[in-house]
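Worksheet: one structure, shown below.
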């Protein structure tokens, strides 16, 4: 039993509130246990300079935390005047992951700006961001599609993420909260698509290592957790969008 | 009648949700119409270098907006690498206003860090921040007092703020929303204490001016609105804290 | 009696030296007691990107202090690599104030860059900057008008500023010097136009408050002081420019 | 056959020149095909503030490229005034990987600064940096040990890294050069220790995904390549250091 | 004859106004033709970290230009967020030159901060800064000496600087103004001490070169000009300080 | 005899390895004693904005050191977020010097980017950079000429640099290494062209001065050293390029 009474392979309670804000084209508040992230999607009718003239779109993401999302107050990155390595790593990961399920050619020369702002952190903020961002992005893109601006549906598959890890007692667990994460020997973030393929596998031992067998167990735990997340996403995006994605996959 | 059917001197609906986040010592979500701000208060057991050794405390504030708090996405200040003049002006105002009602000597060598993060903006974000920040700060300070770390109660009076302005048709109005604000000739932010005194009066004509008589009307509108805000704050902080403040004022 | 033997509502000695530098289109050295500011105006034949194509002009201001303008040497903002909140607040105020008396449409797609560099500081540097900048700007714009580049005179009215405050002994005073300013309970900067209207009213209690009655006295002191400043400006800009402004006002 | 006539699971030619520079405590030039990286290790007799007083050491890494390490000239990060996300990600990876094989307690309150400067790039610069940095670090730590400053040997195991990937034709390949890397669907960096455990597994599909079976083949290719790298490292660090590491592992 | 009717080896009119500002320990306005620089000296009772504990003092300089010191407005370095290479070069030169005539041991652990702010530029701003800064620094140090804080007089000799150059017609000239400077093939700045020794010789051909013979003529022109500058400095610092310097030299 | 057994006017051993890297249009590793610098030249088919439309080219240089080029590790300028004054001074010097021997009109609207990266430092890094950069630049420009893109040969003359100085015992020496440089009273860098003319003469006394006679000796030492450097450059660039330069000079 884990300290919060979960099974090894049990996710924390998930909630995805859609249309959370009035201004963005897509917005959700995703809650994973005590972790809460506001994810928004903005559609811009142009692409960055390096993409121009190719007829393709782009998806980019930014990530931040409120100073008191955490137990100790963090100095704002705007006050420091620069973005930390951790933030850069996370926002590059989110953007890259989302691009794996977007048909950039169907999108045309448009950019999707995804913003993930953590208002409360208790471990797993980057994976919650990906899972929530997929919903916000799909809602925004669904509107663009409904406005008849696109000839093809731009979302190719579902996309969700979770963390897995190996605790100090060698237990392999799913969806680590902050206490578990800070004591784990190995921490792994996995991003998968609805058809069961991997998009990202990032496993790290901080002053520790892990064997081939342990890696297999970590992958298995992640697969179980992520298939559950897809159910939450399916309900959040609604039947029409879900059907469009399934139709796209079957082609 | 105003475009959202309010009277000239009518506030938008106000809501103050307390204990909004689990980590900070004080936290509220304040809602003023469609404007929503998360205000948190953090107690740090030291003061900035320029204050050390004086036996007094300090209150400082930071302010930010999520990129999609607004109709158009704003570039993050962390991505720009610097804080805009507007943000600096606002966070200096919030800190200065709060310090007017804190007994810094009673606080001892402690800093209160107040963070105001606008998650949705529809005009009046700086005044909503001040009104909400007062509640978050009072909750945090009340806990410090209850922990018997202070010999005297550190909050001297209530503090709230609103905006008033002169619309294009010369109507003097209370609590401008974004549409009104962007068309107004004169914009004024007023911060007052529970005993009816002014802390800040900041009136500005952008490519316009205002007469002595108009200034008197603006002040009157603000007084009416702010006295209503005090009632919301009183309920939010709870009877015990409210009684302590009244007791402090009567001395 | 004040510590420098002035009456409560008495300004310090004022001097405005015009054509102070050879390169700028307009330049003055304004002296208010021991406060000395070099104000220059530069005409640029284009507007910032956000203004383009509207057929209107723009006025923008920058403010700085020499490191030894003050009793203690200040670190240069260029050495810090960023502009402080105080500087931003002041330069935004100067620009906004000047724009209130410029007919931006008459100006056409031109920018007036106003630079206020404090070479010696003894309180009231922002209000001296505004009063001096008005003269430098008017001289520069008068030349543009004389060069027959504008169909209408671009300056709509006089503009001057002063500070007022409440000292520790509750005395309301005009034009605070540094010693008074650092001890005052309330500090207020007022910007007015030649026809007696307000452009900016910024009153602040630092760890203090002020009543409605005190506010009225502060406004009255400011009105008296500013009307005297207009006389100095009138002499500085010369008869021809003064007549053009009066003619413009009477329309 | 690959475009440079290598087998799928064949590394490029490897060379590790030790004592490459006269000043650093450890320095190598590692050559992997056309990729060349100067790796240096510096011993500092203190730890960063967050580590002080724990009796433990720290290993940190920095990574950079000369502007013309690549086919197109890159703007220097010093000229930009900031470090890119890619550089941050890489230098965090190198530091974290090295810490997995250092006995930080045996090191005492010392920091090892590892600098990896790519002078010529042809794919795989981050993995070449890790493989070379291990040798430079071990040489530097071996000297500290020989100077009798440490009671225990501080290096716990060998550490090397390589890249594996899936080309456009679905071929799984080892040690991608730049041309392969820029066309690959999946790119994976693997860091392993001498005893066959994983330290980092970072697999990424850029606008692509990979199956569970493909992941297994990628891991296998990496294991083969890395075991060959250990032989080069063993020769580079010399018999005495290699024996000390083996002795440490056997405990 | 030069375009302003000077002889080849003739300086522009020089004026050194001392005690120009009320706050600094030493301050002058130096005027060289149309070039005007405010030079101030500040005494700080400590040295920078790299000098501590050696019982010696330090002299450092900063240099800046007002935006409209020149014909075209320059963007402020504070607005750019960084100091240009030209400014760095000049302020390093000023500091180094002044240190050549200061007895840093006699100064004790004190820093002299010299600030040179160009309010009007017409060529030769760096050499005018050095010549003026010497006077401001000597005045400040003379006060420290008179306050009996130093056992020995800290100024070892006079120090002045000028520019020489070769015009397009191969004429060697002294003290170039802006028009001459912008057309010259060779530009040279020379700093000398009262006893006729060189401190700095910086000659540069921009897309041009100069012969050994030309170099000799440039040095001769500089020597003549600088000996004249010493007379102006002698009057500016006053008899008492001048006598102290001569006494120090004769030892 | 000097501490490394050289004569006063003897250079350290010189080596210039050409085609050192595969990507740049020109690249050398220059070795001067223990000082080693990688110099590369990149041809860009456009000029900076301030040069456009003039039909002329530009040459610009950047300079950097690896962190462990020196005995103590230096913090990277990219980590500091800004370039030091020393680096700026050096890279401005390199660019200016190279431009003196390039026929910018023959070059057409192209930029030569020269990068000098010091991988090992033992004094004289800026002069070694100039000497090596000339070779890298000439190789790159020779290729452009051979590609028939230029109607005239763009290199007008040879260009090399060395340092001279006065040691503590008043000995005038050529090509100072780090130990000599750090103890010298006077340090002078001289850049000359193949026809014996000066491009730069930068002599500096740090807390010291030098006489007219000493200056003459310094110049003589530099002339001897530089004529030897030209022989190394002649061999490095090859007969064809050397002949082209001689032909250009003779016109």
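Quick look at the numbers
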item	result
Within the stretch E:91-134, considering residues that are at positive phi and either part of a helix (DSSP H, G or I) or away from chain C (no Cβ under 14 Å) (or both), the one nearest to the chain's Cα centre (by Cα)	E:124
Matching residues, the stretch A:45-70, being under 24 Å from residue B:22 (Cα atoms) and free of Cβ contacts under 8 Å to residues at least 24 places away in the same chain	A:67, A:68
Subset tally (residues that are surrounded by fewer than 21 Cβ atoms within 10 Å (Cβ to Cβ) and within 18 Å of residue F:132 (Cα to Cα)) for the stretch F:90-110	3
Subset of the stretch B:55-80 [assigned to a loop (DSSP other than H, G, I, E, B), more than 23 Å from the chain's Cα centre (by Cα) and closer than 17 Å to residue A:66 by Cα]	B:75
Residue match in the stretch D:34-51 (condition: within 14 Å of chain A (Cβ to nearest Cβ) and modelled with pLDDT of 95 or more)	no
Among the residues listed as A:250, A:227, the single one being surrounded by fewer than 21 Cβ atoms within 10 Å (Cβ to Cβ) and within 14 Å of chain D (Cβ to nearest Cβ)	A:227
Residue C:200, sole failed condition from (1) surrounded by 15 or more Cβ atoms within 10 Å (Cβ to Cβ); (2) touching a strand residue (DSSP E or B) at 6+ places or on another chain (Cβ under 8 Å); (3) modelled with pLDDT under 95	(3)
Meets criteria (closer than 30 Å to residue F:113 by Cα and surrounded by 21 or more Cβ atoms within 10 Å (Cβ to Cβ)) for residue D:127	yes
Candidate set: the stretch F:12-32, residues that are away from every other protein chain (no Cβ under 11 Å) and out of contact with any helix residue (DSSP H, G or I) (no Cβ under 9 Å at 6 or more places or on another chain); chosen: the one surrounded by the fewest Cβ atoms within 10 Å (Cβ to Cβ)	F:13
The stretch D:20-32: number of residues that are in contact (Cβ under 8 Å) with a residue 40 or more places away in the chain and farther than 14 Å from residue D:131 by Cα	2
Subset of the stretch A:60-81 (residues that are farther than 25 Å from residue A:182 by Cα and facing another protein chain (nearest Cβ under 10 Å))	A:78, A:79, A:81
Counted residues, the stretch C:155-164 - those being under 14 Å from residue C:127 (Cβ atoms) and surrounded by fewer than 24 Cβ atoms within 10 Å (Cβ to Cβ)	0
Candidates E:181, E:187, E:169, E:157, filtered to the one that is outside any helix (DSSP H, G or I) and more than 14 Å from chain F (Cβ to nearest Cβ)	E:169
Hits in the stretch F:81-97 - residues which are in contact with a helix residue (DSSP H, G or I) (Cβ under 7 Å, 6 or more places away or on another chain), over 18 Å from residue D:67 (Cβ atoms) and touching a residue at least 12 places away in the same chain (Cβ under 8 Å)	F:93, F:97
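Condition check ((1) closer than 16 Å to residue C:99 by Cα; (2) surrounded by fewer than 22 Cβ atoms within 10 Å (Cβ to Cβ); (3) over 16 Å from the mean Cα position of the chain (by Cα)) across all residues:
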residue: C:141; (1), (2), (3): yes, no, yes
residue: C:153; (1), (2), (3): yes, yes, yes
residue: C:169; (1), (2), (3): no, yes, yes
residue: C:180; (1), (2), (3): no, no, yes
residue: C:185; (1), (2), (3): no, yes, yes
residue: C:188; (1), (2), (3): no, no, no
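Here's the yes/no breakdown for (1) buried (at least 19 other Cβ atoms within 10 Å of the Cβ); (2) without any contact (Cβ under 8 Å) to a residue 40 or more places away in the chain; (3) not in a helix (DSSP H, G or I):
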position	(1), (2), (3)
F:173	yes, no, yes
F:191	yes, no, yes
F:196	no, yes, yes
F:204	yes, yes, yes
F:213	no, yes, no
F:218	yes, no, no
F:221	yes, no, no
F:234	no, no, no
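The values are calculated or read from the model by the stated rules, or taken from the named source; none is laboratory data. None of these values were measured; they are calculated from a predicted model. Using ideal geometry, Cβ is built from the backbone for each residue, glycine included, and neighbour counts are taken over all protein chains shown.
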